[in-house]
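First the structure, in the form of structure tokens, and then the observations on it.
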Amino acid sequence: MLVNATEMLNKAREGKYAVGHFNINNLEWAKSILLTAQELNSPVILGVSEGAGKYMGGFKVVADMVKALVEEQNITVPVALHLDHGTYDGCYKCIKAGFSSIMFDGSHFPIDENVEKTKELINVAHAMGMSIEAEVGAIGGEEDGVVAAGECADPNECKMIADLGVDFLAAGIGNIHGKYPANWAGLSFDTLASVKDAVGDMPLVLHGGTGIPEDQIKKAISLGVCKINVNTECQLAFAAAVREYIEAGKDLEGKGFDPRKLLAPGVEAIKQTVRDKIALFGSAGKA
Ligand code: 13P
């Protein structure tokens, strides 16, 4: 059974650790992440972008696949299935498809419109027992064609959204999706501290988890970050491992072309990445 992410993130806030949100792209991703969370007895959030949902055949396909995996693979740790950077319409689709959590990303709207739409979606999500994340101050980089600079959120705007009753909040603190450029200035801990002061006990979300140095991750957690989103790092690890297999000519040996063999090194690489992140975020043993 899927759970919403509210309780696991409130526990993380109290316990001063973070729960990993790992984006999924297909069956291999979903299964590897679930099995690794179970192995480490950690709560976990599976994130699905609108593009990945479309790629997998639609949100209902994703919801049914994840629910069936949880059941058939005997996953007993808390698992939330969460829409990542949802549009207004995408949120309604995921509510209908059986997700347990949504993110409404209204960060590109003027703040009044972000407030209005977020408020409506909070009411709908909560009536369905789902959790909801909102965003203030766009995250930099490119995701599903949306490009933004590494913005820092305005703490007053964060308070406006937090006061609506959202369950957790993504606030831009100079973070970027994808690989960080060599001249990246790092996370703005001043912004994070001001946001925390403005919103109080609200669990905070750090997007763009790929490539943030470990000391900055730990400091962010100590300042109230309870959910860390990781996508690109699993993709890079998967691609490198599969490339190594093919470059070594292993797909040409015997039945090495069988997708179960061809993708196995990639699956192992995703598992190792997730293991390392769960250890770094401190959520092992917290299920
Ligand atoms: P990365 O791709 O940089 O890990 O970011 C993931 C993310 O924030 C998804 O919302």
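The values are calculated or read from the model by the stated rules, or taken from the named source; none is laboratory data. None of these values were measured; they are calculated from a predicted model. Cβ placement follows ideal geometry from the backbone for every residue including glycine, while neighbour counts extend to all protein chains displayed.
From the list E72, E50, the lone residue that is at pLDDT 95 or above and more than 16 Å from the ligand (Cβ to nearest atom) is E72. Taken over region 38-60, the criterion of being part of a helix (DSSP H, G or I) and crowded, with 18+ Cβ neighbours inside 10 Å is satisfied by Q38, E50, A52, G53, F59. Within region 166-180, residues that are closer than 16 Å to I221 by Cα sit with their Cβ atoms under 6 Å from residues that are assigned to a loop (DSSP other than H, G, I, E, B) and near the ligand (Cβ under 8 Å from one of its atoms), at 6+ positions apart or across chains, in these pairs: A170/H207; G172/I139; N175/I139; N175/H207; N175/G208.
For (1) under 28 Å from M160 (Cα atoms); (2) surrounded by 14 or more Cβ atoms within 10 Å (Cβ to Cβ); (3) more than 15 Å from the ligand (Cβ to nearest atom), each residue gets a yes or a no:
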| site | (1), (2), (3) |
| --- | --- |
| Y180 | no, yes, no |
| A185 | yes, no, yes |
| A193 | yes, yes, yes |
| M202 | yes, yes, yes |
| G208 | yes, yes, no |
| E214 | no, no, no |
| L223 | yes, yes, yes |
| C234 | no, yes, no |
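Can you pull out every residue in region 1-37 that is within 16 Å of the ligand (Cβ to nearest atom), closer than 22 Å to V225 by Cα and not in a loop (DSSP other than H, G, I, E, B)? L9, V19, G20, H21, F22, N23, I33, listed by residue number.
Within region 1-18, residues that are under 9 Å from P203 (Cβ atoms) and in contact (Cβ under 8 Å) with a residue 40 or more places away in the chain reach partners that are part of a loop (DSSP other than H, G, I, E, B) and among the charged types (D, E, K, R) with beta carbons closer than 8 Å, at six or more positions or on different chains, in the pairs A5/D167; T6/D167; L9/D167; A12/K286; R13/D201. Taken over region 227-261, the criterion of being acidic (D, E) and in a helix (DSSP H, G or I) is satisfied by E233, E244, E247, D251.
Testing L83 on (1) touching a helix residue (DSSP H, G or I) at 6+ places or on another chain (Cβ under 6 Å); (2) in a helix (DSSP H, G or I), one condition comes back false. Which one is that? Result: L83 passes all but (2).
Restricting region 78-95 to residues that are in contact (Cβ under 8 Å) with a residue 24 or more places away in the chain and among the charged types (D, E, K, R), the residue that is farthest from E7 (Cα to Cα) is K93. In region 163-194, of all residues being in contact with a helix residue (DSSP H, G or I) (Cβ under 8 Å, 6 or more places away or on another chain) and among the β-branched types (V, I, T), the one that is farthest from A138 (Cα to Cα) corresponds to V166.
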